[in-house]
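The values are calculated or read from the model by the stated rules, or taken from the named source; none is laboratory data. Remember, predicted model here, so these are calculated numbers, not experimental data. Heads up, the Cβs are rebuilt from the backbone with ideal geometry, glycines too, and the neighbour counts pull from every protein chain shown.
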Amino acid sequence: MAKHVAVLMGGWSTERPVSLNSGIGCADALETAGYKVTRVDVQRDIASVLAELKPDVAFNALHGPFGEDGCMQGVLEILGIPYTHSGVLASALAMNKARAKDVMKAAGIPVAESVLMHRLDVARAHPMEPPYVVKPVAEGSSFGVLIVREDAAYPPQQLFADDWGFGDIVMVERYVGGRELTCGVKGDEAFDIIELETADGGWYDYDSKYSADGARHIIPAPLSPNIYQSIRNLAVRAHQALGCRGISRADFRYDDRPGGTGQLVCLEVNTQPGMTETSLVPDMARHAGMDFPALVSWMVEDASCGR
């Protein structure tokens, strides 16, 4: 009898629309692969819903807080339902950008200089010489990210706003120019690297990620062999240092511009990268000869508790 897979999607974070897209795509692909699938739009009664449903596996297609940060993983552990992606600790660690950087730095993975500050203190005076980036500590999909250019006279005044919805503590990070690169990891093996070129020549923001023509994925990224292999190795090392399982994706900046710093840094690790039609990991898998139904099937067969 076919395995019964509950595809968890939606939720109540700011990434709900992205999660619904990921979940629908994954559910369709799993049905194509022959699984019995139940689509679950996750609400706060999810524990009782799953206890009644009794699936063989939970495919976690949630993004952002409560779905990606260890909370849902803890619920699934308590219910004893095998699940995809990383476990409680790795999910919580990777979701907190500052803590994840501490772990990666300790493992010898290059990261950009950064500091944690209250958003109001950042808004009053430049916390470091521009250019720099202000990031919410625990959001995904580039929500709340502010880039402060070299010629900026003031820090971002949006940080004073009463309706700022991304937490009072933010991470201020040294801006690293150059190429935007990303590398997925499946198990303990790196996929090929994608270089991202946005349609408007800017950075890889929410619109670039999720609009059909927002960004061009160049795979394999045109890099020298030594840098290429170094990035793939670093992606696996970051995956292992954080304790990730299943699929993850590490994002990098590499400044090889004429007169640039030559710096290569790992920005973050995504434990539940997007799985929409325009997403990066499905592209990497296709390049490796693995179509979308085969990729999500591998994730279901890899699912377990105690991750």
Check whether at least one residue in the stretch 32-43 is touching an Asp or Glu at 6+ places or on another chain (Cβ under 8 Å), on the phi < 0 side of the Ramachandran plot and at pLDDT 95 or above, and report yes or no. yes
Among residues of the stretch 1-36 being surrounded by fewer than 24 Cβ atoms within 10 Å (Cβ to Cβ) and β-branched (Val, Ile, Thr), the residue nearest to residue 279 (Cα to Cα) is 24
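When you go through 88, 75 one by one, which is the residue that is at pLDDT 95 or above, buried (at least 16 other Cβ atoms within 10 Å of the Cβ), among the β-branched types (Val, Ile, Thr) and out of contact with any Lys or Arg (no Cβ under 9 Å at 6 or more places or on another chain)? Working first, answer last.
Numbers: 88 fails: out of contact with any Lys or Arg (no Cβ under 9 Å at 6 or more places or on another chain).
The unique qualifying residue is 75.
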Restricting attention to the stretch 94-107, which residues are over 29 Å from residue 53 (Cβ atoms) and part of a helix (DSSP H, G or I)? 97, 98, 99, 100, 101, 102, 103, 104, 105, 106
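Residue-by-condition table, conditions (1) more than 19 Å from the chain's Cα centre (by Cα); (2) part of a strand (DSSP E or B); (3) surrounded by fewer than 16 Cβ atoms within 10 Å (Cβ to Cβ):
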site: 139; (1), (2), (3): no, no, no
site: 150; (1), (2), (3): yes, no, yes
site: 153; (1), (2), (3): yes, no, yes
site: 158; (1), (2), (3): yes, no, yes
site: 162; (1), (2), (3): yes, no, yes
site: 166; (1), (2), (3): no, no, no
site: 170; (1), (2), (3): no, yes, no
site: 183; (1), (2), (3): no, yes, no
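Take the conditions touching a residue at least 24 places away in the same chain (Cβ under 8 Å), in a loop (DSSP other than H, G, I, E, B) and surrounded by fewer than 20 Cβ atoms within 10 Å (Cβ to Cβ) and apply them to residue 293. Does it pass? Give the steps one after another, and end with the answer.
Working: touching a residue at least 24 places away in the same chain (Cβ under 8 Å): yes; in a loop (DSSP other than H, G, I, E, B): no; surrounded by fewer than 20 Cβ atoms within 10 Å (Cβ to Cβ): yes.
It is false that residue 293 is touching a residue at least 24 places away in the same chain (Cβ under 8 Å), in a loop (DSSP other than H, G, I, E, B) and surrounded by fewer than 20 Cβ atoms within 10 Å (Cβ to Cβ).
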Filter result for the condition that a residue is touching a Lys or Arg at 6+ places or on another chain (Cβ under 7 Å), more than 30 Å from residue 123 (Cβ to Cβ) and acidic (Asp, Glu), over 195, 180, 189: 195
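Yes or no: residue 126 surrounded by fewer than 16 Cβ atoms within 10 Å (Cβ to Cβ), part of a loop (DSSP other than H, G, I, E, B) and not β-branched (Val, Ile, Thr)?
Working: surrounded by fewer than 16 Cβ atoms within 10 Å (Cβ to Cβ): yes; part of a loop (DSSP other than H, G, I, E, B): yes; not β-branched (Val, Ile, Thr): yes.
Judged against the criteria, residue 126 is a match.
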For strands (runs of 3 or more DSSP E) lying entirely in the stretch 213-287, having 3 or more residues that are surrounded by fewer than 18 Cβ atoms within 10 Å (Cβ to Cβ) and of a type outside the set (Phe, Trp, Tyr) picks out 215-218
Need the failing condition index for residue 81 against (1) under 19 Å from residue 274 (Cβ atoms); (2) part of a loop (DSSP other than H, G, I, E, B); (3) at pLDDT 95 or above, just the number. (1)
